[in-house]
Amino acid sequence: MRKIIYPGTFDPIHRGHLDIAIRASKLFDELIFVVADNESKNPLFTVVERVELILASTRDLDNVSAISTKKLIAETAREENACALIRGLRHVSDFEFEFQMAMMNYHLNPEITTIFMMPDEKYIHLNSTVIKEVTKLGGDLKDYVTKDVYGALKIKYNI
Ligand code: ADP
């Protein structure tokens, strides 16, 4: 049973995240989104809401689930018996940070391999911050999020 974890903030999940998750879920028996329970990033959605939005957005994917953690990713990977973790790479600018994190995770848990994937080019420019900012200002990004997330954003921003 080959399990992969997909760690991140997912505040909220968008189609760039989903593109990576769909590709990775075809290569592994099970994929688990791991939502970082870290208030220092001042998330718009609570950790429970972020997990729920992931579950709703991936309900058609049989081998995908979601949990949250306050622990190190290397530790969560060990607890979940995952052999790998997946990260998305959009631009060269993502690389330096991702490289450092992969090295640190390797040091903490050499059993887990970090895998990088690029999304479809139509999602390269997407990130959760852009989704929130544009929605707050009245822009319509419904093509970039699932209808569950779209509805949740409208409720948060009262629009
Ligand atoms: P963000 O706020 O930038 O969406 P997250 O912490 O939620 O960041 O991202 C979790 C993982 O998903 C990271 O590996 C990140 O590089 C990846 N990711 C974020 N946006 C995209 C995207 N548009 N396409 C592919 N991967 C992405």
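The values are calculated or read from the model by the stated rules, or taken from the named source; none is laboratory data. The model shown is predicted, which means the values in this text are computed figures rather than measured ones. Using ideal geometry, Cβ is built from the backbone for each residue, glycine included, and neighbour counts are taken over all protein chains shown. For accessibility, only protein heavy atoms count, side chains too; no ligands or nucleic acids. Shrake-Rupley method; radii C 1.70, N 1.55, O 1.52, S 1.80 Å.
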*Inter-residue pairs, beta-carbon under 8 Å, first among the acidic types (D, E) and in region 40-59, second buried (at least 19 other Cβ atoms within 10 Å of the Cβ) and assigned to a helix (DSSP H, G or I), 6+ apart*: E49/A152
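Quick check on my filter: what residues within region 123-159 are assigned to a helix (DSSP H, G or I), more than 20 Å from D60 (Cβ to Cβ) and open to solvent by 100 Å² or more (accessible area, probe 1.4 Å)?
K136, I155, listed by residue number.
Does region 1-33 hold any residues that are among the hydrophobic types (A, V, I, L, M, F, W, C), modelled with pLDDT of 95 or more and in contact with an Asp or Glu (Cβ under 8 Å, 6 or more places away or on another chain), and which are they?
Those that are among the hydrophobic types (A, V, I, L, M, F, W, C), modelled with pLDDT of 95 or more and in contact with an Asp or Glu (Cβ under 8 Å, 6 or more places away or on another chain): I4, I5, I32.
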*Could you say whether any residue in region 59-74 is within 21 Å of M118 (Cβ to Cβ), touching a Ser or Thr at 6+ places or on another chain (Cβ under 8 Å) and of a type outside the set (D, E)?*
yes
*Given the conditions (1) modelled with pLDDT of 95 or more; (2) open to solvent by less than 100 Å² (accessible area, probe 1.4 Å), which single one is not true for S93?*
(1)
*For M117, which of the numbered conditions (1) surrounded by fewer than 13 Cβ atoms within 10 Å (Cβ to Cβ); (2) near the ligand (Cβ under 9 Å from one of its atoms) fails to hold?*
(1)
*If only one of N63, N105, N81 is in contact (Cβ under 8 Å) with a residue 24 or more places away in the chain, at positive phi and of a type outside the set (A, V, I, L, M, F, W, C), which one is it?*
N81
*Collect the residues in region 22-75 that are in a helix (DSSP H, G or I), open to solvent by 50 Å² or more (accessible area, probe 1.4 Å) and either over 17 Å from V149 (Cβ atoms) or in contact with a Lys or Arg (Cβ under 6 Å, 6 or more places away or on another chain) (or both), keeping them in residue-number order.*
R23, K26, L27, E39, S40, K41, E75
*asked:* So F10 ticks every box in (1) on the phi < 0 side of the Ramachandran plot; (2) within 12 Å of the ligand (Cβ to nearest atom); (3) open to solvent by less than 70 Å² (accessible area, probe 1.4 Å) but one. Which box is left unticked?
replied: (1)
*Unique match (being in contact with a His (Cβ under 6 Å, 6 or more places away or on another chain) and within 15 Å of the ligand (Cβ to nearest atom)) among I124, I131*: I131
_Exactly one condition in (1) under 23 Å from Y150 (Cα atoms); (2) outside any helix (DSSP H, G or I); (3) modelled with pLDDT of 95 or more is false for F116; which is it?_
(1)
*From the residues in region 82-110 that are near the ligand (Cβ under 10 Å from one of its atoms) and among the charged types (D, E, K, R), which one is farthest from Y123 (Cα to Cα)?*
E98
